[in-house]
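Input: a single structure, listed below in structure tokens.
What follows draws every value from the coordinates through simple rules; no lab data is involved. Note that the structure is a prediction, hence the values are computed from the model and not measured. FYI the Cβ positions are ideal-geometry reconstructions off the backbone, even for glycines, and counts take in every protein chain you see.
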Amino acid sequence: MHNWLKQNPKNVCVITCSDGRAPSGVLVCAMFCFCHLFNNPIPAMQLLSAKRPGSGLWPSHRRYIGYVCSMVSEKPSLPHSKPLVIKALTMTPVPCFNKQRSGCRPFCDVLIGETKIFSTAQEYERMREHRLQEGKVVFPLGVSVQGDVVVSVYHMRSTIGGRLQAKVSNTQIFQIQFHTGFIAPGTTMLKFNKPELDACDSPEKYPQLFHVILDVEVEGTDKQKDLTPPWEQFPLSPPTVIYQTPWVLLMNQCCRR
């Protein structure tokens, strides 16, 4: 994109995505930072919001735009290849997601990219309900991750009815996304306050000072991953022409004869 725009002042990049919001918004903000228009994600996101309101960016999007800023700064900070062990997750205080607003029945999923590698979910009857009076919920995890990581915590709920009639559904409590390569060696704890968590859409369900702590350990040995860009593995397809001038249309018809 940067090279294309530099080639000619008349060149234009059209950026789109599946929903026209978050993915393209992240790319635009990252481009602002890559071109050194801004050196941190906040003004980049503010400009995007001013030009295109309702971008729908989450705190994790801001975190990833910040990664770009750190890589193109005067003293670049490049991601390392050391795996990260997530020992445990603690959320404090206990959020209120059950019908009585007295606690929740939570479980935790850990994903690398879009692949789930670990979950604490069990059958509903075996899931423990945590009460607000307990003060916190601790998930022992002990899972090794590398690359783009998603940590999601859900509340498991069951509709009223007999055991055979009840339906179980999950409501997301929060989500965290980060890249292990930007966690500094020697880090033992990652703390996320509520404004740094994704999917916290119901403020009344979170007690004051709600936060999440990950107990982590950065492993000492590098573990090289496949560095092939993901887009190199995408299937190719010819572009779809959405508009042609009458002259171009006539030339195409002549060439087919």
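Listed by Cβ neighbour count within 10 Å, with the fewest neighbours leading, Trp4, Trp58 appear as Trp4, Trp58.
Taking a sphere under 15 Å around the Cβ of Arg128 and counting the other residues whose Cβ falls inside, with K and R at +1 and D and E at -1, yields a net charge of +1. Working note: Cα gyration tensor of region 2-77, eigenvalues times five, square-rooted, sorted largest first, giving semi-axes of 19, 18, 10 Å.
Among the listed pairs Lys6/Lys51; Lys75/Lys223; Lys6/Lys116; Lys75/Lys205; Lys51/Lys223, give every one whose C-alpha distance is greater than 32 Å. From Lys6/Lys51; Lys75/Lys223; Lys6/Lys116; Lys75/Lys205; Lys51/Lys223, over 32 Å: Lys6/Lys116; Lys75/Lys205; Lys51/Lys223. A simple spin-label model places pseudo-atoms 7 Å from Cα toward Cβ; at Phe182 and Ser18 they are separated by 2.2 nm. Loop-located trypsin sites (Lys or Arg not before Pro) across region 122-203 with a Cβ neighbour count of 15 or fewer within 10 Å are Arg128, Lys136, Arg163, Lys167, with loop assigned by DSSP.
Tell me the label only: which of (1) 12.0; (2) 14.3; (3) 21.2 is mean projected area of the Cα convex hull in nm² as calculated from this structure? After the calculation, the listed value that fits is (3). Using a simple spin-label model with pseudo-atoms 7 Å out from Cα toward Cβ, Leu132 and Thr159 lie 2.8 nm apart.
Could you tally the net charge around Arg21, taking each other residue with its Cβ under 15 Å from the Cβ of Arg21, Lys/Arg +1 and Asp/Glu -1? Working shown, then result.
Details: positive: Lys51, Arg52, Arg62; negative: Asp19, Asp198.
Counting the neighbours of Arg21, the net charge comes to +1.
Using a cut-off of 20 Å between alpha-carbon atoms, which lysines can reach Lys167, once sequence neighbours fewer than 8 places away in the same chain are excluded? Correct list for Lys167: Lys99.
The distance between label points at Lys6 and Thr92 comes to 4.9 nm (points 7 Å beyond Cα on the Cα→Cβ vector).
Roughly how big is region 4-154's charge dipole about its Cα centre, with Cβ charges of +1 (Lys, Arg) and -1 (Asp, Glu), in debye to the nearest 20?
On the way: 18 positive and 9 negative charges, 65 e Å.
With only Lys, Arg, Asp and Glu charged at Cβ, the dipole is about 320 debye.
Pairwise Cα distances in region 84-218 exceed 28 Å for 18 percent of all pairs. With R₀ set to 35 Å, the beta-carbon distance separating Glu204 from Met71 gives a calculated FRET efficiency near 0.35. Each of the GluC sites (Glu not before Pro) that DSSP puts in a loop and that has at most 16 other Cβ atoms within 10 Å breaks the chain; the longest unbroken stretch is 130-218.
Under the definition of Cα pairs under 8 Å and six or more residues apart, what whole-number percent is the relative contact order of region 2-77?
Details: 67 pairs, mean separation 22.3, N = 76.
Once normalised by length, the contact order is 29 percent.
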